[in-house]
1. Kindly evaluate A124 against the criterion of being buried (at least 17 other Cβ atoms within 10 Å of the Cβ), hydrophobic (A, V, I, L, M, F, W, C) and within 19 Å of the chain's Cα centre (by Cα).
2. Working only within region 223-240, note down all residues that are farther than 16 Å from A134 by Cβ and of a type outside the set (V, I, T).
3. Of the conditions (1) within 19 Å of I98 (Cβ to Cβ); (2) in contact with a helix residue (DSSP H, G or I) (Cβ under 9 Å, 6 or more places away or on another chain), K221 fails just one. Which one is it?
4. Among the candidates D14, D32, which residue alone is in a helix (DSSP H, G or I), of a type outside the set (K, R) and touching a residue at least 40 places away in the same chain (Cβ under 8 Å)?
5. Quick one: which residue in S235, S313, S261 is over 20 Å from F5 (Cα atoms), touching a residue at least 40 places away in the same chain (Cβ under 8 Å) and touching a strand residue (DSSP E or B) at 6+ places or on another chain (Cβ under 8 Å)?
6. Does region 151-161 hold any residues that are surrounded by 23 or more Cβ atoms within 10 Å (Cβ to Cβ) and part of a strand (DSSP E or B), and which are they?
7. Name the one entry in G364, G382 that is within 25 Å of the chain's Cα centre (by Cα) and farther than 21 Å from K255 by Cα.
8. Yes or no: E118 acidic (D, E), in a loop (DSSP other than H, G, I, E, B) and more than 24 Å from R301 (Cβ to Cβ)?
Amino acid sequence: MDFTFTEEQVMLRDMVKKFTEKEIKPIAAEIDDKGSIPRELIDKMAELGFLGIAFPEEYGGSGFGEMGYCIMQDEISRGCASTATFIGAHHSIGSTGIYLFGTEEQKQKYLVPLARGEKIGAFALTEPEAGSDAVRIRTIAKDVGDHYTLNGRKIWITNGSLADIITVLARVEIEGKNYGVGAFIIETEWDGFKVGKIENKMGIKGSETAELIFEDMTIPKENVLGRMGRGILHSMDILDVGRLGLGAATLGSAKECIDLSVKFAKERVQFGQRIANFEAIQWMLSEMASDVYAMENMVYRTAWLCDQGKKFSREAAIVKLFCSEALDRVVDKALQIHGGMGYMHEYPIERMYRDSRINRIFEGTNEIQKLVIARDVLKRNGY
């Protein structure tokens, strides 16, 4: 494969980089402190096509594919992890399922406004008793003839309080019998939908995380997404894309950590010289750069596999596992280089350190990624 970015991809990176420098970085601390992303920023990103960048133009997207999406998230996350998380929940997991499994009618009705940023998307799987163990979903979609009635509760849903359109996973009940888990497209304006608790998190505080409550919500039959009873399998395909996008976001944050650390090390003077001259600092920078090099190759090779239509579940799990842990190593060294100043709230490293920790948990814990990878390794070796 050719690792050279096309002229269009280079132009995309330059555009997103300039946007991040001008529009996101100056307000990143404010987003963190206030716990929300300004609607004006979301609208600006929508105008530039960021909120549907991977999808074909015929569905309201920008047509850059997963490679373009990763390029964008790589740059956005250098400015604000909360903003990158908002985009990931809207685009990677909130809209991708409709693109992968939706009917043409569903794509025109829901994917087009999502890709254009006219509507905000989310993905609702996690429940109090169902996270890594997704088959324990207790939200029920009951077949009552010409529609389904949805009852249940979801927790920790990114964009849940903002979303207009949500892909919801629910256990299907037909005539009192369990028919597995289905995926449904719901509109938050429908009766029976309520936003519960808004979480106060350690990091990515600007990304809103909410409890969702469904009480006798009516779902039309035409809003079943994909094949009935295959909701868990569909969600795994959706999460593969989400994990890849997460890898791109961690990559951008890691790059920013290096840039901030180098700038600080060139300015900070101790013992009569810049700390960039100290071997201890140089060793940390070299280890950080090595992690970033590995992250970058993993992310963009896997994005290429995705765009080629090849299977990439194993690779997506590896990206998520390695990149989330690599960012923790990088940001920890960055804080160490900054010393006490890096621990202070007014320095971006403090925010980035808090933001980093969630990456080993959401989009499937790293322990689950290890299971996915190990099972594939064994399967490929005839076990």
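Each reported figure results from applying straightforward, stated rules to the coordinates on display, with no laboratory input. None of the values given here were measured: they were computed from a predicted structure. Note that we place each Cβ from the backbone using ideal geometry, even for glycine, and neighbour counts take in every protein chain shown.
1. Working: buried (at least 17 other Cβ atoms within 10 Å of the Cβ): yes; hydrophobic (A, V, I, L, M, F, W, C): yes; within 19 Å of the chain's Cα centre (by Cα): yes.
The answer is yes for A124.
2. Going through region 223-240, the residues farther than 16 Å from A134 by Cβ turn out to be 223-224, 227-228.
The answer is N223, R227, M228.
3. (2)
4. Details: D14 fails: touching a residue at least 40 places away in the same chain (Cβ under 8 Å).
Unique residue meeting the criteria: D32.
5. Values: S313 fails: touching a strand residue (DSSP E or B) at 6+ places or on another chain (Cβ under 8 Å); S261 fails: touching a strand residue (DSSP E or B) at 6+ places or on another chain (Cβ under 8 Å).
Matching residue, one of S235, S313, S261: S235.
6. Pass one, region 151-161, residues surrounded by 23 or more Cβ atoms within 10 Å (Cβ to Cβ): 154, 157-160.
K154, I157, T158, listed by residue number.
7. Working: G382 fails: within 25 Å of the chain's Cα centre (by Cα).
After applying the criteria, what remains is G364.
8. On the way: acidic (D, E): yes; in a loop (DSSP other than H, G, I, E, B): yes; more than 24 Å from R301 (Cβ to Cβ): yes.
Spelling it out, E118 is indeed acidic (D, E), in a loop (DSSP other than H, G, I, E, B) and more than 24 Å from R301 (Cβ to Cβ).
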